[in-house]
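Heads up: the structure comes next, in structure tokens.
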Amino acid sequence: MICLTGDLHHMTLGTGNQQHCDITEMQVAEKYLRMLESAGAKVTFFVTGRSFAEEWKDLEYICNSKSVELGGHNYNAFKPALGHRIWKKAAGNYNGPYICQKKDAARTIKIIRQKTGKTIEVWRNHMYMHGPNTEKVLTSLGIKICSDGVQKTSNGLILHPAGIYNFPINIIPDHEHLIHAERTPEWIAWWQKRYNWSDDFGADSYKINEWTDLVLTGLQENEANGVVSNMIIHPITLYLCDKLESFKTKILPWLAEHQTVFMSELLPEKG
């Protein structure tokens, strides 16, 4: 069983991926989604609230697709960043004070409901930024699953005392482990030297064909061990690598032959 997810961001965020792309992130997402629809695969998209305010025309098809479950991804994606950096230094929590985090989540939930009529149940913080108030805030707003962070050995939903489930990614992520856009080998070497970054899958970045093989190996291992795969694909990242070609020819056929589920379908009451 595979829970395929992706994060979608408003263009005014101005990410490195967006700056290197010849079309908007939502336009890429629609191309990617149409591939999933043709294969009968499901995806849970975590979308920033500002996307609904600024890019509804490009987002509407995605939101109306029966192959898509919507989740929240903060409203402004922690912008402006200065306030969050200050709070990180002062309180060790990049997400900000409880009241600010709750206001951000509530604003995101509200605009998704206003634009789509849907009440979301799942959430992923931008950059996986998980703070000490995350579970309490999201539970108070009706969110049932939070999918922050990367944990290679993750084996399904983890119930938190607040009443929400955490569900880390357990297949090698794309953005942090792919050479693409501004993430050249030289840039990656500089990044590693400055931040000594690593996650559960190590510190290396790969060419798209190598990364694709690692993804398929991870899916195969999880299947053999009876583990639900929680995988993340940013459509714009794979588009910048090879115009989604490796996804189309290697990953999509695997998805078409296996059961894919919306993240909320993993909730015990829906099982």
> What order do you get for Asp213, Asp7, Asp104 when you list them from fewest to most C-beta neighbours inside 10 Å?
Replying inline: Asp213, Asp104, Asp7
>> Pick from Phe78, Phe201, Phe52 the residue whose mean-square fluctuation is largest in a GNM of the chain, springs joining Cα atoms under 10 Å.
In response: Phe201
> Between Gln220 and Lys89, what is the FRET efficiency for a Förster distance of 51 Å, r being their Cβ-Cβ separation, to the nearest 0.05?
Replying inline: 0.75
>> Within the chain, which whole H helices from DSSP have a Cα span along their axis of at least 18 Å and a mean Kyte-Doolittle hydropathy of -1.0 or more, if any?
In response: 25-39, 98-116, 208-224
> What's the extension gain from Gln114 to Ala81 if we count 0.36 nm per residue and subtract their Cα-Cα distance?
Replying inline: 9.2 nm
> Taking amide H positions as placed 1.01 Å from N in the peptide plane, with prolines and chain starts having none, which residues 5 or more places from Tyr206, or on another chain, fall under 5 Å of its amide H?
Replying inline: Leu178, Ile179
> Which shape class, rounded, prolate or oblate, goes with region 72-170 when its Cα gyration tensor gives a ≥ b ≥ c as root eigenvalues, a/c under 1.5 marks rounded, and past that a/b bigger than b/c marks prolate?
Replying inline: oblate
> Antiparallel as a % of all DSSP beta bridges within the chain, to the nearest 5?
Replying inline: 15
>> Could you tell me the center-to-center distance, by alpha carbons, between region 238-267 and region 154-193 in angstrom?
In response: 17
> Taking θ as phi - 60°, what are the ³J(HN,Hα) couplings along region 11-20 by the Karplus curve (6.51, -1.76, 1.60), each to the nearest whole Hz, with x for Gly and Pro?
Replying inline: 5, 6, 5, x, 5, x, 4, 4, 5, 9
>> Once R0 is set to 35 Å, what does the formula 1/(1 + (r/R0)^6) return for the Cβ-Cβ distance between Ala189 and Ser38, expressed as a FRET efficiency to the nearest 0.05?
In response: 0.35
> Does region 144-266 come out rounded, prolate or oblate by the C-alpha gyration tensor, with a ≥ b ≥ c the root eigenvalues, rounded set by a/c under 1.5 and, if not, prolate when a/b is larger than b/c and oblate if not?
Replying inline: oblate
> Say we join alpha carbon atoms closer than 10 Å with springs in a Gaussian network model of the chain; which of Glu186, Glu37, Glu210 then has the biggest fluctuation?
Replying inline: Glu186
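Laboratory data are not the source of any read-out in this text; all were calculated from the coordinates shown. Worth saying up front: this structure is predicted, and the values here are computed from it rather than measured. FYI the Cβ positions are ideal-geometry reconstructions off the backbone, even for glycines, and counts take in every protein chain you see.
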